[in-house]
Amino acid sequence: MTGPESEGSQVRRAVCPGSFDPITNGHLDIIARASRLYDEVYVAVMVNQSKKGLFEVDERIELIRQVTADYANVVVESHHGLLVDFCKQRDIPAIVKGLRAVSDFDYELQMAQMNNGLSGVETLFVPTNPTYSFLSSSLVKEVAAWGGDVSHLVPPAVLEALDKRLRKD
């Protein structure tokens, strides 16, 4: 047998972490690119109890599963706690993060250095597709809440969920 399952060969795993409230086309682009580089890509929906999201964690997981269904090597799970613990539990040596701008790099570099110091896990930075360089979940929620068109910023399933959640009946 050849390939990642053969004896002596190790499955290459990575994680794409985030709150994904909601998942955007920018997130999906990073996940898709990571799925071409790694045998298994975990999407870790990080739970922050102090933040009230627009979507519950279970709703986010279901939306991500829907929009990543074409990627057979993508696994979606939630995690409450340190990302490095998620990585240790699943033998994941790499975190893949998208960078939109230099301002993202300042924060993400500190996180990468902390994660490496805590556990040895590496962080790989992937430059965001310029089409999505301005995009964030917060921006999508704000524009959608005011009735703006976000159909080009999120997958159709997410647009439908946003419309249902934000509809003023």
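Extension gain, A101 to V75, is 6.6 nm, computed as 0.36 nm per intervening residue step minus the present C-alpha separation.
As an exercise, use a Förster radius of 35 Å and the Cβ-Cβ distance of L118 and V11 to find the FRET efficiency, rounded to the nearest 0.05. So the FRET efficiency works out to roughly 0.95.
Taking the centroid of alpha carbons for each part, the range 66-99 and the range 111-153 are 15 Å apart.
Counting every other Cβ atom within 10 Å of each residue's Cβ, Y38, Y132, Y107 order from fewest to most as Y107, Y132, Y38. Here the sum of -39500 (n - 2.57) over DSSP H runs of 4 or more residues, divided by the residues of the chain, equals -13000 deg cm²/dmol at 222 nm, to the nearest 500. Partners of K52 within straight-line reach, counting aspartates and glutamates whose Cα lies under 19 Å from its Cα and excluding those fewer than 8 residues away in the same chain: D21, E62, E77, E142, D163.
By other beta-carbon atoms within 10 Å, ranking F86, F105 with the fewest at the front produces F105, F86. Database remark: amide H of G18 closer than 5 angstrom to the amide H of A44, M46 (H placed geometrically; neighbours at sequence offset of 5 or more, or on other chains; Pro and chain starts carry no H). Annotation: the range 106-169 has a Kirkwood hydrodynamic radius of 14.3 angstrom, from the mean reciprocal C-alpha pair distance. Where in the chain lies the longest segment free of GluC sites (Glu not before Pro) that are both loop residues by DSSP (not H, G, I, E, B) and have at most 14 other Cβ atoms within 10 Å? Between the exposed loop sites, the longest stretch runs 57-169.
When semi-axes √(5λ) of the Cα gyration tensor in Å is calculated directly from the model, which label among (i) 42, 19, 13; (ii) 28, 18, 16; (iii) 22, 21, 17 fits? Here the calculated entry is (ii).
Relative contact order, whole percent, for the range 12-157 stands at 31, derived from Cα pairs under 8 Å and 6 or more residues apart.
No lab work stands behind these numbers, since they all come straight from the coordinates. Computed from a predicted model, the values in this text were never measured in an experiment. Every residue, glycine as well, gets a Cβ built from its backbone with ideal geometry; the counts of neighbours run over all protein chains shown.
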